[in-house]
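One structure is given here, and the rest of the page talks about it.
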Amino acid sequence: MNAASDSLHRRRTSVATQLFVAGLGLSLLVALLAAALLLLLLRSAELEALDQRYTEIERVHLQSLAAGLWAVDGERVRVAFDAISQLEDMGRLQLTDDRGERMDWRAPDYRVLHSRRSFDLFHLEFGERIKVGRLEAELSRDRVNASLWREGGLIFGSVLLTLLAASLVLQWLFRHRVGRHLEALARHASSLSPDTLGRPVVLARPPTRYPDELDTVAQAMEEMGRSLQLEFATRARMLKELQRSRDALETRVEERTLALREEAQRTREALAELEQSKLELDRRANTDALTGLANRGHLDLRLRKELARAQRSGQALSVVLVDIDHFKQINDRFGHAQGDTALREVAHCLQMATRPNDLAGRWGGEEFLLILPGTDSTGASALGERLRETVDLLLVNGVQPIDAVPDLRLSITLGVACWNREETPEALIARADQALYAGKQSGRNRVVVAS
């Protein structure tokens, strides 16, 4: 019994200590927050005072300093410079005139971490502002920081002491008003056995007082004891049945788990094959087999999406139709295999020239289409000109330079159209096609922007 009492005493002391530690931690936190809040307010006020000091320099001293520099009056400049250096909290001054000559001053306790501001010095001559120099001033924050530390310490100490006293009072109230009755409940709980579960709980309180939460706990413990007496008998009978059922269930679970693992493995393999097939089908459905660019179906779908996005965001959107000049003659002269090579080379140029969010695709035959989100007609025209110059450097048959076969020179003509509001995809493509046709009619190998 003595050992149980000692154990209860240790537990009560541990709870009280925990409450004190929690109160102390809460006191520290609240004190820090209060001190931090007040320090922020104080710091804001101090920094505002520094800003007013800069304003005083600008309003009172700069005009005299600029007049002295303009008149090349060294004595006047020195007097104005010294007057500024005598201002409170001044840490460093540097004056530079329009000839590059400098005048410096530093306070004895100058440090690098100061508040700095620069002022351009102007002289007004016949209504024209003429820059005559530049003044850099640094105000010391040492007084501000010292004041903040001093005020912060006072605030933190006063709040901490107040909250610490409140936590000590709460700890005392818990010990004398709650702790001893909890000990009685703990002794009752430690003495329970199957034969004594129905015994009433007795608290060291007067019988005429009003019931409170501790009485509710005691009553609940008594009801729990009576319920446990009934449960113990039922539970003893159920344990044997439960053990038999558990053994049978474990056997079935092991068998079912093994079957599910095999089924899951087969499902994962089938899903992997299905995903790979889907990716391949998507690639084939959206890609031109010869050039590797997007096909026309993919271009149609992407163009409608980009038009809807541009309608919502208000950004520009341009398309560029690209046509290989004299492509039929290339096929007739060098064969269809070389014509396919020319298509692939031009497609490669288009792909290398576009951004990640652009889309290049084969529109049909020797025509290609570029979709350029966020690009206006000027940017699209510049891109088209770079493409045209790049294609000019390609070879027709992979061996012979273009300049050696003037009549079969590999070149492209480009039609540019920038989307107008409420314009359909078909109308936008039609304007780009008209611009392309105009480029063909005016000699090919050029970029034409639709009006």
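Quick look at the numbers
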item	result
Scan of the range 301-330 for residues that are of a type outside the set (Lys, Arg), surrounded by fewer than 17 Cβ atoms within 10 Å (Cβ to Cβ) and more than 33 Å from the chain's Cα centre (by Cα), ordered by number	Gln329
Residue within the range 271-292 that is loosely packed, with under 12 Cβ neighbours inside 10 Å, modelled with pLDDT of 85 or more, in the same structural domain as Ser381 (by TED's automatic domain parsing) and of a type in the set (A, V, I, L, M, F, W, C) present	no
Pair list, Cβ under 7 Å, 6 or more apart: the range 268-288 residue within 30 Å of Trp363 (Cβ to Cβ), other residue modelled with pLDDT of 85 or more and of a type in the set (Lys, Arg)	Asp288/Arg362
Check on Ser147, modelled with pLDDT under 70 and within 27 Å of Leu29 (Cα to Cα)	yes
Condition broken by Leu50, with the remaining ones in (1) part of a helix (DSSP H, G or I); (2) surrounded by fewer than 16 Cβ atoms within 10 Å (Cβ to Cβ); (3) modelled with pLDDT under 75 satisfied	(2)
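The values are calculated or read from the model by the stated rules, or taken from the named source; none is laboratory data. The model shown is predicted, which means the values in this text are computed figures rather than measured ones. Note that we place each Cβ from the backbone using ideal geometry, even for glycine, and neighbour counts take in every protein chain shown.
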